[in-house]
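Novice: The structure is given below, and queries will be raised subsequently.
The values are calculated or read from the model by the stated rules, or taken from the named source; none is laboratory data. All values derive from a computational prediction rather than experimental measurement. Cβ: placed from backbone, ideal geometry, glycine included. Neighbour counts: every protein chain shown.
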C-alpha cells in the first residue's frame with residue numbers, strides 16, 4: 001500500500017559486510033558547499049552491528065529475521081518513516097570478478113561462465129589493457145538470495161530502491177568524484193596501483209568533503225571509513241538524492 | 001558508467017507521483033461521497049418532514065372523518081330499514097299502481113273508473129259505463145286478470161251522470177298476491 005506521507009528527502013543505507021550490518025541515515029546538507037559539483041550530506045545516524053554466528057557465519061546470511069529486527073529497531077529509534085533504502089552487499093552470496101576480455105563491447109553471451117547458473121548478474125566495463133584486452137567488473141547474485149533480500153525489504157516495510165554490491169557503489173563514487181575528468185585509463189592506473197582493490201580507490205578526504213558527521217554521533221572513523229564511502233556511493237549512484245532533495 | 005542494480009524498483013519520482021495520485025483519488029472519492037451524502041441527506045430530511053406533515057394532517061382530520069363515518073353509517077342503517085319496509089311494494093305484484101294500471105287498461109273509451117277502494121286483501125271498484133253490455137265486457141275482462149280473484153258484481157244500477165245516462169257498476173274482488 002502506498003503511503004500517504006510525502007516522500008522525504010533522506011536516505012537510509014544498509015551495508016552488509018562479512019559479519020557486520022551497518023546502517024546509516026543520511027540527509028542532504030543544505031548549508032555546506034558542494035564538492036566537484038556533488039552535493040554534500042549529513043550523517044544523521046549511524047549504527048554498526050556485529051551479527052551473531054547464527055545469523056551470519058563466514059559472510060553468509062542465515063537468518064534474515066535478525067537483520068529485520070536490527071533494521072526496524074534503527075528506524076524506530078530514529079523515527080524514520082518511508083525513507084528510500086539503498087543496500088550494499090559485500091558477502092559470499094555475491095559473486096564478483098574482474099574479467100579480462102578481448103572484446104571491448106561484449107554482450108552477456110560473452111560471459112558464459114555466469115550465465116549458466118540461476119544468477120542475476122551484469123557486467124561493467126572498467127579499463128583497457130596495453131595488450132588490447134579489457135577488464136570488466138562482473139557481479140551476480142543467486143535468485144534465491146536476491147529473493148531473500150526482497151522478502152526482507154517487504155517484511156521490514158522498506159522502500160528498497162537499490163541493491164548493489166559495495167564495490168559497485170565505490171566505483172560509482174569514484175566516477176562521480178572524478179566528474180568530467182573521469183577517464184577509464186586513469187582508473188586503470190589507479191586500480192593497478194592498488195592491486196585492483198576498489199576499497200582503496202578513494203581516501204578519507206572524500207568523506208570529509210562530502211559528508212558531515214553529526215555532533216552527537218560517536219563513530220570509529222578509521223574502521224567505518226570504507227562503509228561511509230560505500231554509503232556515499234549508494235546515495236549518489238542509486239539516483240535517490242537528486243530526486244528526493 | 002552504468003550502475004549494476006540487482007533490483008528494478010519503482011523510482012522515487014514515480015513513487016511520489018503514485019502517492020499524490022492516491023492522495024488526490026482518496027480526497028476526490030471522499031468529496032464525491034460527501035456530496036452524495038449531503039444531497040441525499042437533504043432530500044431524505046425533506047421527505048421525512050413531508051411524511052411527518054402528512055401524518056400530522058391525517059391525525060388532525062381523523063376524528064372528524066371518523067365522526068362523519070359513524071353518522072353516515074347510522075343514516076345508512078336507517079335508510080336500509082325504510083327501504084326494507086317499502087321493498088315489498090316495489091315488486092309489481094304488490095304494487096297498487098300496477099293493479100290500477102291493469103284495471104285502467106280494461107276500461108273502454110266511454111267507461112271510466114269512479115272509485116277504487118283497496119285494503120289489504122280486497123279491492124272494491126266502482127265503474128261508470130255507458131251501457132250494460134259494456135259493463136259486462138269490463139267485468140269479464142277483469143275476471144280474466146290473475147291479480148283479481150273471485151271478482152263478483154256487487155251492484156249494477158243506472159244513474160244520471162253529467163246529464164248522461166250511465167250504468168254504475170260496483171265490483172269486489174280478492175287481491176291475489178304472489179302472482180307473477
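Novice: Could you tell me how many of the residues in segment A:164-184 are touching a strand residue (DSSP E or B) at 6+ places or on another chain (Cβ under 8 Å), at pLDDT 90 or above and away from chain B (no Cβ under 11 Å)?
Specialist: 1
Novice: In addition: Inspect all residues belonging to segment A:71-85 and state whether any of them is at pLDDT below 85, surrounded by fewer than 17 Cβ atoms within 10 Å (Cβ to Cβ) and part of a loop (DSSP other than H, G, I, E, B).
Specialist: Of segment A:71-85, the ones at pLDDT below 85 are A:82.
With the extra rule that they be surrounded by fewer than 17 Cβ atoms within 10 Å (Cβ to Cβ), the set shrinks to none.
Within segment A:71-85, none of the residues are at pLDDT below 85, surrounded by fewer than 17 Cβ atoms within 10 Å (Cβ to Cβ) and part of a loop (DSSP other than H, G, I, E, B).
Novice: Where the second residue is surrounded by fewer than 16 Cβ atoms within 10 Å (Cβ to Cβ) and at pLDDT below 50 and the first is within 14 Å of chain B (Cβ to nearest Cβ) and lies in segment A:1-26, which pairs have Cβ atoms under 6 Å and are six or more apart or on separate chains?
Specialist: As it stands, the answer is A:9/A:245, since those pairs meet every condition given.
Novice: Still on this structure, please answer the following. Considering (1) modelled with pLDDT of 90 or more; (2) within 14 Å of chain A (Cβ to nearest Cβ), say which one residue B:4 fails and leave the rest.
Specialist: Result: residue B:4 fails condition (1) only.
Novice: Moving to a separate point now. Check B:59, B:87 and return the single one that is surrounded by 10 or more Cβ atoms within 10 Å (Cβ to Cβ), more than 14 Å from chain A (Cβ to nearest Cβ) and part of a helix (DSSP H, G or I). Explain how you work it out, then say what you get.
Specialist: Details: B:59 fails: surrounded by 10 or more Cβ atoms within 10 Å (Cβ to Cβ).
From the options B:59, B:87, the qualifying one is B:87.
Novice: Would you mind telling me which numbered condition in (1) crowded, with 18+ Cβ neighbours inside 10 Å; (2) touching a strand residue (DSSP E or B) at 6+ places or on another chain (Cβ under 9 Å); (3) more than 14 Å from every other protein chain (Cβ to nearest Cβ) residue A:217 fails?
Specialist: (1)
Novice: Further question: Given the options A:104, A:100, name the one that is outside any loop (DSSP other than H, G, I, E, B) and touching a residue at least 24 places away in the same chain (Cβ under 8 Å). Explain how you work it out, then say what you get.
Specialist: Details: A:104 fails: outside any loop (DSSP other than H, G, I, E, B).
Step by step, each of A:104, A:100 is checked, and only A:100 is outside any loop (DSSP other than H, G, I, E, B) and touching a residue at least 24 places away in the same chain (Cβ under 8 Å).
Novice: Filter segment B:156-169 for residues that are within 15 Å of residue B:111 (Cβ to Cβ) and not in a strand (DSSP E or B) and give the result.
Specialist: B:162, the sole residue that qualifies.
Residue-wise test of (1) within 44 Å of the chain's Cα centre (by Cα); (2) in a helix (DSSP H, G or I); (3) more than 15 Å from residue B:175 (Cα to Cα).
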residue: B:117; (1), (2), (3): yes, no, no
residue: B:127; (1), (2), (3): yes, no, yes
residue: B:135; (1), (2), (3): no, yes, yes
residue: B:149; (1), (2), (3): yes, no, no
residue: B:154; (1), (2), (3): no, no, yes
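Novice: So the check is Cβ under 6 Å with 6+ separation or different chains; which pairs have a first residue in segment B:11-30 that's within 8 Å of chain A (Cβ to nearest Cβ) and modelled with pLDDT under 95 and a second one that's surrounded by 14 or more Cβ atoms within 10 Å (Cβ to Cβ) and in a helix (DSSP H, G or I)?
Specialist: Cβ pairs passing all conditions: B:12/A:243; B:12/A:244; B:13/A:243.
Novice: Could you tell me whether residue B:3 is in contact with a helix residue (DSSP H, G or I) (Cβ under 9 Å, 6 or more places away or on another chain), surrounded by 10 or more Cβ atoms within 10 Å (Cβ to Cβ) and outside the structural domain of residue B:115 (by TED's automatic domain parsing)? Step through it out loud before you land on a result.
Specialist: Working: in contact with a helix residue (DSSP H, G or I) (Cβ under 9 Å, 6 or more places away or on another chain): yes; surrounded by 10 or more Cβ atoms within 10 Å (Cβ to Cβ): yes; outside the structural domain of residue B:115 (by TED's automatic domain parsing): yes.
Yes: the conditions hold for residue B:3.
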